[in-house]
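The values are calculated or read from the model by the stated rules, or taken from the named source; none is laboratory data. Just so it is clear, the structure is predicted and the values come from calculations on it, not from any experiment. Neighbour counts are summed over all protein chains in view; Cβ atoms, including those assigned to glycine, are modelled from backbone coordinates with ideal geometry.
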Amino acid sequence: MSALGSRSRNPSALTMVSSASGDTQVERDTEAEHDLEAARVRSRGENVTDSAYGSQVPVPVQDTQYAEDEGVVEKTDPNLVTFDGPHDPDNPKNWRTAKKMYVTFYVVLLTLCCSLASSSFSPTFGALSETFGNSLEVSYLTLSLFVLGFAFGPVIFGPLSELYGRNLGLFPAFLLFIIFNIPQGAGQNIQTVIIARFIGGVFASAPFSVCAGSLADLWESGERGYAFAAFTAGTYLGPLIGPIIGGFIVESYLGWRWTVWVIMILSGAVLILGLLTLPETFAPRILVLKAKRLRRQTGNNEWYADYERNKPPVSQIVQKVLIRPIKMLCTELILLLLSIYVAFVYSIQYLILEAFPAVYHDKHGWNLGVASLPFLAVAVGVFVGCAVVAGFNPYYERKRAENGGRPVPEARLPPMMIGAVAFPIGLFWFGWSGQYATSWVPSTLAGIPIGVSLSIIFMQALSYLGDAFTAHAASAVAANAFLRAILAGAFPLFSSQMYDKLGIGWASSLLGFLALGFMPIPFLFFKFGGAIRRKSKYAASPSVANLPRMRTSIRPTSKPCIPYKPHRSFTIMFTGIVEVVGVVSSLIEHDTSSTGGNGCSLTISGAVSILGDCNLGDSIAVNGTCLTVTEFDEDSFKVGISPETLRRTSLGDLKEGSPVNLERAMAAHVRFGGHFVQGHVDTTAEILSITPDGNALTFRFRPHDDSLMKYIIEKGYVTLDGTSLTVVEVNDEEKWFSIMMVAYTQEKVIMPTKKVGQKVNVEVDMIGKLVEKQVAAAVGNLENNGVLETMIKRVLAKQQA
């Protein structure tokens with residue numbers, strides 16, 4: 001997380017951008033005046049306030065678990081550049097719809113150019129062999145190696161866009177893609193063409209890796225489905241339209257080299273348009289540019305953006321995009337099966353580049369241009385598939401809203417089930433109608449269900465991975481993209497021979513049988529996906545991803561607070577009623593960022609349902625440990641952890657992907673729903689046993705500090721990992737106690753995911769400790785406490801009688 005999220009209640013740092021270069025001059029002048037005024041205020045040492053709400057921006061720097069007092073140490077760095085409130089026009093979520101649609105249109109156009117280049121070369125295979133005297137198999141490498149280059153996009157250009165901004169991760173690569181069209185079109189030997197195609201494919205992968213992030217920057221989650229449907233259409237339409245363009249060019253007097261020049265001219269025009277009009281869409285980069293502008297305009301070189309000082313280390317990026325994806329692909333069943341399935345489906349679009357000419361060019365005798373026109377039927381199917389997904393999006397958003405705003409992975413799968421059934425139908429239909437039908441119509445119509453399946457399976461599988469792996473979604477998608485490009489690059493190498501040897505019917509049927517083998521995958525994950533994720537190291541378990549939010553009586557129903565307005569409750573108090581289960585997305589032992597305090601920090605995602613009225617400095621109990629929010633966005637928050645907290649609690653045992661119980665501190669004006677909990681952990685306890693009792697579970701614990709057993713009594717309260725529970729049995733001699741957890745609570749907290757031998761945080765009932773202290777004080781001063789002395793004498797006399 002960047003410091004951006006820590007300064008405002010705006011969406012996450014990765015989903016905020018600056019105003020577009022298409023703004024009017026008046027708008028730009030107004031923004032410059034706003035920045036200068038903010039600079040003057042800060043230079044006088046005053047707190048900068050949002051003009052609408054007049055609220056200061058605090059920066060908490062410690063946790064409250066063992067703070068010296070009940071307050072929170074806060075500071076404000078007057079030189080830190082942030083967005084100016086929730087309505088800042090630099091926030092792309094606040095852009096005009098027309099501007100958002102333009103940016104969406106442009107990134108789709110950019111993707112279309114690169115996907116066109118991948119397939120427009122396919123009609124040139126014969127011409128290449130005639131020109132350079134090589135075999136057809138060697139000519140096929142010009143397609144295979146170009147697609148293989150797509151595998152490097154997530155590894156190279158995705159990280160670059162997170163380090164230097166979307167545009168710097170995109171435009172230099174796109175320029176190099178255009179440049180490497182020159183040796184493709186002017187090459188005097190096949191080796192030059194093949195090498196240039198591979199390098200061009202590497203650079204052409206940039207839009208596929210970067211543009212999806214740009215769309216996420218622009219649109220809210222409820223609107224994002226439509227934007228990604230358009231993006232997918234651009235991804236799939238290019239390989240379908242490319243052969244049509246290339247076929248007619250090869251058949252014309254222009255010759256095969258013009259298939260390259262046409263794409264180069266089109267891409268050059270798109271590049272110029274983007275350089276002139278496309279705004280930067282990466283929030284940290286926007287703030288860096290804003291800080292530079294303020295330094296230049298004010299002469300104050302102290303201005304800085306958090307990202308200038310706290311860029312993620314290269315090792316962290318390599319871990320996310322290279323090492324972790326490989327580990328996840330080898331260990332996560334969901335990711336492995338879906339990646340293989342999506343790779344197979346994605347590869348079919350490049351295999352049919354040979355299948356369609358086999359029917360319409362070889363059998364029907366059409367020229368290469370006309371023989372490519374049936375690809376339009378597949379394109380129609382792609383449009384239909386995108387429309388199905390877009391139409392399904394409101395249903396998914398309702399399910400997500402019912403789930404407290406958290407993802408519901410299995411709710412993504414019904415459209416994918418439709419695509420999984422339609423896919424083999426389309427392949428069998430195309431194969432045997434192409435084999436025996438004398439008319440071109442039946443085989444052409446078969447392209448529609450194929451296109452529908454291509455788009456639906458692709459979009460919904462990637463959406464499912466994103467929902468299922470939450471904190472590790474980028475790594476999951478990177479693993480999928482890598483495998484997809486490898487397989488798609490291999491398919492064209494054997495497709496021609498397969499159709500020559502097996503014939504159109506049986507070659508397509510072989511693919512259809514493979515599609516039948518993959519067909520049960522979405523159905524199986526729809527039924528068993530939650531159970532599989534529960535055993536996963538990286539995926540979000542059902543308690544995190546798709547269980548309803550636990551409704552309690554302690555949350556205020558009033559309108560959420562304005563995010564910029566800091567406030568403190570009358571005291572830090574919790575009830576032990578877990579509100580939501582989050583997942584650890586980052587654990588940094590030495591966080592040097594402005595919100596890390598040069599200590600250990602913890603970032604927790606999946607908390608959107610409790611962050612609606614969150615403020616910097618608020619207290620959130622994490623596994624029963626009261627911690628202070630130092631940074632947050634719409635779904636996640638960061639807290640610092642003191643060394644004493646790490647020593648006394650089990651937070652040090654957490655790792656990325658660990659689920660955690662979360663509860664916000666209650667406000668003074670709401671109804672009390674549990675028992676009094678401070679969020680100050682007294683000790684940890686080891687789980688001795690877990691015993692089923694009907695649909696309930698009985699847990700037995702032994703506290704590490706057994707002196708606390710005196711505060712634990714039968715039918716009394718104890719807080720375990722932030723969950724208020726009733727003690728059912730106590731054994732003071734053996735120093736253990738037990739609780740019983742009913743089925744409903746099991747679904748709402750993390751304890752059922754733990755095993756014997758693991759630790760839980762323990763907070764005993766504060767009332768017992770208060771009574772003990774008061775009695776001890778009174779007994780130590782009996783001569784001044786006649787009432788207590790009289791009471792004790794009566795008790796002793798009664799026992800002796």
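Yes/no per residue for (1) of a type outside the set (Ser, Thr, Tyr); (2) assigned to a strand (DSSP E or B):
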{"site": "701", "(1), (2)": "yes, yes"}
{"site": "719", "(1), (2)": "no, yes"}
{"site": "728", "(1), (2)": "yes, yes"}
{"site": "762", "(1), (2)": "yes, yes"}
{"site": "770", "(1), (2)": "yes, no"}
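Of the residues 372, 439, the single one that is among the polar types (S, T, N, Q) and under 24 Å from residue 233 (Cα atoms) is 372. Taking residue 468, is it over 25 Å from residue 366 (Cβ atoms), of a type in the set (Gly, Ala, Ser) and in contact with a Pro (Cβ under 8 Å, 6 or more places away or on another chain)? For residue 468, the condition - over 25 Å from residue 366 (Cβ atoms), of a type in the set (Gly, Ala, Ser) and in contact with a Pro (Cβ under 8 Å, 6 or more places away or on another chain) - is met. Of the set (1) over 20 Å from residue 241 (Cα atoms); (2) of a type outside the set (Asp, Glu); (3) assigned to a helix (DSSP H, G or I), all apply to residue 145 but (1). Condition test on residue 414, is it part of a helix (DSSP H, G or I), in contact with a Phe, Trp or Tyr (Cβ under 8 Å, 6 or more places away or on another chain) and either outside the structural domain of residue 533 (by TED's automatic domain parsing) or free of Cβ contacts under 8 Å to residues at least 24 places away in the same chain (or both)? No: the conditions fail for residue 414.
Comparison of 146, 157 shows that the only residue that is of a type outside the set (Val, Ile, Thr) and under 17 Å from residue 214 (Cβ atoms) is 157. Looking across segment 612-633, just one residue is touching a helix residue (DSSP H, G or I) at 6+ places or on another chain (Cβ under 6 Å) and at pLDDT below 80, and that is 633. Among the residues of segment 139-194, those that are of a type in the set (S, T, N, Q) and more than 20 Å from residue 218 (Cα to Cα) comprise 139, 142, 144, 181, 184, 188, 189, 191, 192.
With respect to being at pLDDT below 85 and out of contact with any helix residue (DSSP H, G or I) (no Cβ under 7 Å at 6 or more places or on another chain), residue 265 falls outside the description. Looking only at residues that are surrounded by fewer than 19 Cβ atoms within 10 Å (Cβ to Cβ) and among the hydroxyl-bearing types (Ser, Thr, Tyr) in segment 727-768, which one is farthest from residue 578 (Cα to Cα)? Filtering segment 727-768 for residues that are surrounded by fewer than 19 Cβ atoms within 10 Å (Cβ to Cβ) and among the hydroxyl-bearing types (Ser, Thr, Tyr), the one farthest from residue 578 (Cα to Cα) comes out as 738. Residue check: residue 679 meets all listed conditions (1) assigned to a strand (DSSP E or B); (2) under 15 Å from residue 765 (Cβ atoms) but one, namely (1).
For beta carbons closer than 7 Å, sequence separation of 6+ or different chains, a first residue in segment 456-467 that is over 18 Å from residue 532 (Cα atoms) and touching a residue at least 12 places away in the same chain (Cβ under 8 Å) and a second that is buried (at least 24 other Cβ atoms within 10 Å of the Cβ) and charged (D, E, K, R), the qualifying pairs are 460/412. Screening 559, 537 for residues that are at pLDDT below 85 and assigned by TED's automatic domain parsing to the domain that holds residue 325 leaves exactly one candidate, 537.
Determine if segment 297-305 includes at least one residue that is under 21 Å from residue 245 (Cβ atoms), more than 25 Å from the chain's Cα centre (by Cα) and in a loop (DSSP other than H, G, I, E, B).
no
Filtering segment 275-302 to residues that are in contact with a helix residue (DSSP H, G or I) (Cβ under 6 Å, 6 or more places away or on another chain), hydrophobic (A, V, I, L, M, F, W, C) and farther than 21 Å from residue 100 by Cα leaves 288, 294.
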